[in-house]
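The values are calculated or read from the model by the stated rules, or taken from the named source; none is laboratory data. Please read all numbers here as calculations on a predicted model, not as lab measurements. Reconstructed Cβ throughout: ideal geometry from the backbone, glycine too, with neighbour counts over all protein chains shown.
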Amino acid sequence: MGKKELSNYIEKHLGKGYSLTTLTKHLTKWGYTQKEIEAAKPHPKITERLSLEFFDGLTANNLSAALKHTYFLLLVIAAAHIIVALVTKEATINMAEAALTGLLSAVLFAAHYVLFVALLIYILHLTSKHIFKNPQSNKKRTATLLYAATPYLVLGAIEPTQAYTFINLLGISLGLLHFNLSMILSLTLFCRALTQQEGLTPKESITQLILPTILTILLLVAIFLGTAEYSLLNLSFQPF
């Protein structure tokens, strides 16, 4: 194919939902050089270019940098919870008890969050490796998820306040883990960034990323409900 035919081919398949990453891989296998492919690529609009740069930024950092980023946000959450606890404490509670309450709240929030991240990455690993036969780097996926979760963690800092009630409307709370609008935004950023990074088609993105994510949430709901029901049964059989 000449440059114009190659450009038309790329534009046609982009319209079908294929990513530039996927098309580049296929064209490279067919003998086209990186220079030829780059020259034939259509120039994205400014909004599309900003979108590409944004999601490239989510996947550009390594796990070590992502862990530092998350550690800093969790420290911010801990400080915010302690401050809220001190400001809203009752007269019968001293400063130390209020601060400890805020700290424990932040630690429990962090524990729920870390368990969710670990479970989601593990389920994505199992489905990618054993079902779709398309194994990916767990470290890269974890780093992307930690950065994508920034909106959820930032809003988690105001979790003890009344304002968080509005954010949590229509959400599902499992202990201190809240599947609300901020969580949906973070998971959307995560799936969108991985779709671009791994060169997935829209259909592949749904089957390999979105459905396993939903499965993880449903699994957590089932575990939480099962644990709650077990606790209620034990309580009902306690002697008076």
**Prompt:** Among the listed residues A111, A149, A143, which satisfies the condition of being among the hydrophobic types (A, V, I, L, M, F, W, C) and more than 19 Å from A193 (Cβ to Cβ)?
**Reply:** A111
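Here is a yes/no grid of residues against (1) under 23 Å from L73 (Cα atoms); (2) surrounded by fewer than 17 Cβ atoms within 10 Å (Cβ to Cβ); (3) not β-branched (V, I, T):
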| site | (1), (2), (3) |
| --- | --- |
| L119 | yes, yes, yes |
| L145 | yes, no, yes |
| A148 | yes, no, yes |
| I184 | yes, yes, no |
| L189 | yes, no, yes |
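Just checking, which of L103, L124, L119 is touching a helix residue (DSSP H, G or I) at 6+ places or on another chain (Cβ under 9 Å), assigned to a helix (DSSP H, G or I) and over 21 Å from L215 (Cα atoms)? Give the derivation first.
Working: L124 fails: over 21 Å from L215 (Cα atoms); L119 fails: over 21 Å from L215 (Cα atoms).
So the residue among L103, L124, L119 that is touching a helix residue (DSSP H, G or I) at 6+ places or on another chain (Cβ under 9 Å), assigned to a helix (DSSP H, G or I) and over 21 Å from L215 (Cα atoms) is L103.
If a residue counts only when it is in the same structural domain as V84 (by TED's automatic domain parsing) and basic (K, R), which helices (runs of 4 or more DSSP H) contained entirely in the stretch 128-229 have at least 3 such residues?
Helices (runs of 4 or more DSSP H) meeting the threshold: 138-148.
Just for the stretch 8-57: of the residues that are part of a loop (DSSP other than H, G, I, E, B) and loosely packed, with under 13 Cβ neighbours inside 10 Å, which one is modelled with the lowest pLDDT? Lay out the reasoning, then the answer.
So in the stretch 8-57, the residues part of a loop (DSSP other than H, G, I, E, B) come out as 16-19, 30-33, 41-45.
Still in the list and also loosely packed, with under 13 Cβ neighbours inside 10 Å: 16, 30-31, 33, 42-43, 45.
Working: K16: 68, W30: 79, G31: 81, T33: 81, P42: 66, H43: 59, K45: 53.
Ranking the qualifying residues of the stretch 8-57, first place goes to K45.
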